[in-house]
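Comments concern the structure below.
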Amino acid sequence: MAEQNKPTYTEEKKAKIFEKEFLPHIDSMYNFAYRITFDEDDAKDLVQETYLKAFRFIDSFQEGTNAKAWLFRILKNSFINDFRKKSKEPAKVDYQEVETFYNSDEVDETITSDLRVEAVQEMIGDEVSNALNALAVDFRTVIILCDLEGFTYEEMAKILDIPIGTVRSRLHRARNLLKEKLRSYAVSMGYK
Amino acid sequence: MAIFTTQWLKSLVTPKSKIDLGICKDEECNRLLQLILDGEASENDEKTFFQHIKNCSYCYNGYKLEKSIRKLIRTKMRKESVPADLVDSIKLKIQSTQG
């Protein structure tokens with residue numbers, strides 16, 4: 001959030017920005033929240049908290065800039081700072097360590113499996129949702145932000161507070177993991 | 001023996017021979033493929049890549065597959081509908097904090 005040239009909006013203006021620039025993204029926000037929490041009530045809480053914070057810090061928002069990316073950043077921070085701590089989810093793998101490993105040059109890229117386009121085209125929503133949901137939350141997040149929400153690498157770097165190079169490598173790793181999951185489905189469907 | 005020249009040895013591992021075998025595992029191709037499908041590639045990158053896949057079935061298939069997976073995610077993921085009372089409840093909370 002840029003601190004320089006912070007605008008000070010009138011109450012009327014705040015309400016207008018909230019209505020016209022923030023609320024239209026509620027659908028994306030709720031779906032993102034749901035996909036990282038897997039729970040309706042948690043997703044509601046997370047979105048509500050995000051919007052309350054957005055309103056409280058509305059002076060940090062430059063009108064006309066990317067409201068969606070700004071809101072997603074708040075949501076992601078709320079998830080990490082408040083939510084993850086409270087949640088009953090079991091401890092995650094040390095994902096940073098995994099990432100460091102995969103970012104190193106020595107990694108042998110074993111990329112493509114024998115997953116075929118025809119098998120992918122036959123898949124239904126449940127299969128793809130399950131495959132994506134089976135990924136660790138940080139991997140799931142980059143795929144959602146990139147493929148579903150259409151954020152650029154640069155926007156993702158800002159939302160996630162990581163360098164663009166890390167966005168790229170995390171995405172690459174996430175896609176390979178997803179491909180593996182899809183391949184298992186393809187095999188179970190009888191495709192080879 | 002003259003026949004084992006460096007050039008000859010190199011020719012065994014040039015992209016062309018890899019293409020012939022249908023196993024182009026050039027990391028650069030994969031990098032370009034990702035950039036293109038994510039809309040992050042330069043015009044030049046695109047030109048290079050699309051020129052390459054004309055002759056490389058491995059990369060062509062890889063491109064098709066990656067593209068179909070992205071499409072699958074975009075079009076078939078389950079969508080949750082926003083709970084009907086969520087917007088109102090947010091607005092109420094904001095009003096109450098403004099008091």
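For the stretch B:34-48, which residues satisfy the criterion of being more than 17 Å from B:R74 (Cα to Cα) and of a type outside the set (D, E)? Lay out the reasoning, then the answer.
We begin by selecting, within the stretch B:34-48, every residue more than 17 Å from B:R74 (Cα to Cα); these are B:35, B:40-48.
Listed by number, the residues that qualify are B:L35, B:A41, B:S42, B:N44, B:K47, B:T48.
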* Determine, yes or no, whether A:E109 is over 17 Å from B:R70 (Cβ atoms) and at pLDDT below 95. => yes
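From the list B:K93, B:K79, which residue is more than 19 Å from the chain's Cα centre (by Cα), in a loop (DSSP other than H, G, I, E, B) and either at pLDDT 90 or above or facing another protein chain (nearest Cβ under 9 Å) (or both)? Give the steps one after another, and end with the answer.
Values: B:K93 fails: in a loop (DSSP other than H, G, I, E, B).
Within the list B:K93, B:K79, the selection yields B:K79.
Residues in the stretch B:47-63: is at least one facing chain A (nearest Cβ under 7 Å) and modelled with pLDDT under 95? Walk me through it before giving the result.
Let us first name the residues in the stretch B:47-63 that are facing chain A (nearest Cβ under 7 Å), namely B:62.
Applying the additional criterion that residues be modelled with pLDDT under 95 yields B:62.
Yes, there is a match, as at least one residue in the stretch B:47-63 is facing chain A (nearest Cβ under 7 Å) and modelled with pLDDT under 95.
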* Per-region count, the stretch A:116-131, residues touching a helix residue (DSSP H, G or I) at 6+ places or on another chain (Cβ under 7 Å), in a helix (DSSP H, G or I) and within 7 Å of chain B (Cβ to nearest Cβ) -> 5
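Of all the residues that make up the stretch A:174-192, how many are free of Cβ contacts under 8 Å to residues at least 60 places away in the same chain and surrounded by 16 or more Cβ atoms within 10 Å (Cβ to Cβ)?
Of the residues in the stretch A:174-192, the ones free of Cβ contacts under 8 Å to residues at least 60 places away in the same chain are A:174-175, A:177-178, A:181, A:184, A:187-188, A:190.
So of that shortlist, the ones also surrounded by 16 or more Cβ atoms within 10 Å (Cβ to Cβ) come out as A:174-175, A:177-178, A:181.
Residues meeting the conditions: 5.
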* Structure fact -> Matching residues in the stretch B:36-56 (touching a helix residue (DSSP H, G or I) at 6+ places or on another chain (Cβ under 8 Å) and among the hydroxyl-bearing types (S, T, Y)) number 1
* To do: Please determine, by comparing only the residues of the stretch A:163-173 that are assigned to a helix (DSSP H, G or I) and more than 11 Å from chain B (Cβ to nearest Cβ), which one is surrounded by the most Cβ atoms within 10 Å (Cβ to Cβ).
  => A:R170
* Structure fact -> Scanning the stretch A:33-61 for residues that are among the aromatic types (F, W, Y) and within 11 Å of B:V82 (Cα to Cα) gives A:Y34
* Structure fact -> For the stretch B:64-76, the count of residues that are closer than 14 Å to A:R175 by Cα and more than 8 Å from chain A (Cβ to nearest Cβ) equals 2
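Is there a residue being basic (K, R) and at pLDDT 95 or above anywhere in the stretch A:90-98? Break it down into steps so the answer makes sense when it comes.
Here is the first cut: in the stretch A:90-98, the ones basic (K, R) are A:92.
After this cut, where a residue has to be at pLDDT 95 or above as well, the list is none.
No, there is no match, as no residue in the stretch A:90-98 is basic (K, R) and at pLDDT 95 or above.
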* Structure fact -> Residues in the stretch A:138-162 that are in a loop (DSSP other than H, G, I, E, B), more than 9 Å from chain B (Cβ to nearest Cβ) and within 11 Å of the chain's Cα centre (by Cα) total 2
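The values are calculated or read from the model by the stated rules, or taken from the named source; none is laboratory data. This one's a predicted model, so the numbers in the text were calculated from it and none came from an experiment. With ideal geometry, Cβ positions are generated from the backbone for all residues, glycine too; neighbour counts draw on all protein chains shown.
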